[in-house]
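For reference, the structure is listed below as structure tokens.
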Amino acid sequence: MNTGYLTEIISVSALNDRIKNLLEEELPFVRVEGEVSNLRRPSSGHVYFTLKDAKSQIRAVIFKNPYGARKSGLSEFAVEEGMSIVCLARLTVYPPRGEYQLIVETVEPRGLGALQKAFEQLKARLAAEGLFDAGRKKPLPFLPGKIGVITSPSGAVIRDILTVTRRRFPSVDILIAPVRVQGSEAPAEIIKALSCLQIIGAADVIILARGGGSLEDLAPFNDEKVARAIAASRIPVISAVGHETDFTIADFAADLRAATPSAAAELAVPRRDELLDAIERLRGRLAQRFRQKMTQRRESASALRERLRDPRRRLVDARLALDDYSERIKLAAIRHRESKRRELAGLNIRLQYQDPRAIIKGSRTVLEDRGRALRTAWEKLFSQRQNRAEGAPAAARMAASSAGQRTPPSARKSKSLLRRGNWAPELPDCKNYF
Amino acid sequence: MSKEKFEVMLAKLEEIVRRMEAGEMTLEESLVAFEEGIKLSRNCSKTLDEAQRKVEILLQDGEKLSTAPFVGAESDP
């Protein structure tokens, strides 16, 4: 057999049997990479296809649930025509037909398209199962005593988380559960770490973190079993895988998704200075309210006391008011009398102006003045005539009469008339003198 | 652990302040509430002032679990 050259003649059956033994012993398990073509899904539930590359091809079958439980989280990944995959398979020969084919145990997607497809399929399936439901999400503790961090113990991720948590709240304890965050061992380590943190029970919140990476790098966080372990955790889990734009299945399964590990740390712990401020403000409001309350009570008590006045005080008040009023009424009376007195004096003055005696007196003065003027004028005239009559008989007559009486009789008469106040300007015998 | 009670204490403090501000209390009640509130706020502050944190790493030795101080560097704040 080792010579590779058979001298004996054997049957077809025997040849195929020997081929079968050779192949199945030499190649019990192989990992083969290729593209799916001629995909068929008969009603049996098995999946038949041809795995090919640029130069060659081989037939393959995926038996429906061949050996019970599956190994990989993505084993239920559904192959599609044209997809690049890596199969873990046994090589088997079917002697009746002299054909060999791959019996595929597990399938992993290969390449971006296939990985994306697998991701979408798993996401849709778990979502349909309700694993991502908002109702399942556990609230984060307000102030955790201890944070469990599942990540690589070296590198920027743990450093960022330690830095941010220390800055925000320096007294929150951290328990790091070190794991590999990529590679085929990563999912199992992450699941183990999750369960360890549950058992110890010291962590009040768990951060599951790694830096960003390609879809292949993030594969452990797109693992179905990891997703289920996260969802099953009784401690709230914050996922912080990759950067802003990378969403993983772990993100959907977690209770809260943070864009970055630093953001997860911020979500996990409040800021101590803000809390201290808040307490200070509350204390201030409390004290202020209390003081206000006391002041209010004091004021309403004193207002009541004010209303409970001693009646004797009211009497005193009334007495004072009475004094005040009587004083005021006296003053008012005096003021009134004064004003009437002033009014009377004014009227008196005005009345005096109207006194007829004064008028008469005035008129008399005028009359006497005129009388005097008239006599003066008359005497003047008389003396002129007398002087002219000294050379004539008339003058002699006049001189004779004037020797008897110096004042002409009409002048004496007019004087008495004036005295009587009845001024009739008639000098009846005056023309006799002319 | 007093930290677990922190949010409870804070919630109580907030409730006391709210009730006091709403004027829902008698004088005696507000005296009691004031004392209680001041005590709560002191305890809250004290909780926040607690000592430095511990940073530990989980070690697995077969099935045995233990913890040890973590000596990884923190980046400068």
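Values quoted throughout were computed directly from the atomic coordinates according to the rules given, and no laboratory measurement underlies them. Just so you know, these numbers come straight off a predicted model, no measurement behind them. Cβ placement follows ideal geometry from the backbone for every residue including glycine, while neighbour counts extend to all protein chains displayed.
Annotation for B:Arg18 and A:Lys55: the two label points, set 7 Å from Cα along the Cα-Cβ direction, are 7.6 nm apart. Residue separation of A:Tyr5 and A:Arg297 scaled by 0.36 nm, minus their Cα-Cα distance, works out to 93.5 nm of gained length. The A:Ser184 and A:Leu308 beta-carbon pair, evaluated with R₀ = 51 Å, returns a calculated FRET efficiency of approximately 0.05. Taking every residue in B:16-22 and counting other chain Cβ atoms within 10 Å of its Cβ, the average works out to 4. For the pair A:Asn38 and A:Leu112, a Förster radius of 30 Å applied to the C-beta separation gives a FRET efficiency near 0.80, rounded to the nearest 0.05. From most to least packed by mean Cβ count within 10 Å, the peptides A:341-350, A:144-153 give A:144-153, A:341-350.
When Lys and Arg each count +1 and Asp and Glu each count -1, what net charge do the other residues less than 12 Å away from A:Arg180, Cβ to Cβ, add up to? It works out to a net charge of -1. A Förster distance of 22 Å, applied to the separation of the beta-carbon atoms of A:Thr92 and A:Leu15, puts the FRET efficiency at 0.85.
Simple point charges give the picture: +1 on the Cβ of Lys and Arg, -1 on the Cβ of Asp and Glu, and for chain B a dipole about the Cα centre of about 160 debye.
Placing unit charges on the Cβ atoms only, positive for Lys and Arg and negative for Asp and Glu, gives region A:12-109 a dipole magnitude near 240 debye about its Cα centre. Placing +1 on each Lys and Arg Cβ and -1 on each Asp and Glu Cβ, with no other charges, gives region A:263-345 a dipole about its Cα centre of roughly 640 debye.
Taking 7 Å steps out from each Cα toward its Cβ at B:Glu35 and A:Arg385 produces label points 13.9 nm apart. For the listed residue pairs A:Lys192/B:Lys46; A:Lys64/A:Lys192; A:Lys137/B:Lys5; A:Lys137/A:Lys225; A:Lys64/A:Lys137, the alpha carbons are over 28 angstrom apart in A:Lys192/B:Lys46; A:Lys64/A:Lys192; A:Lys64/A:Lys137.
Mean partner shielding of peptide A:178-185, defined as the number of other chain Cβ atoms within 10 Å of each residue Cβ, is 1. Averaged over peptide A:288-294, the number of partner chain Cβ atoms lying within 10 Å of each residue's Cβ comes to 6.
Sorting the segments B:16-24, A:255-263, B:61-69 by their residues' average number of neighbouring beta-carbon atoms within 10 angstrom, most packed first, yields A:255-263, B:16-24, B:61-69.
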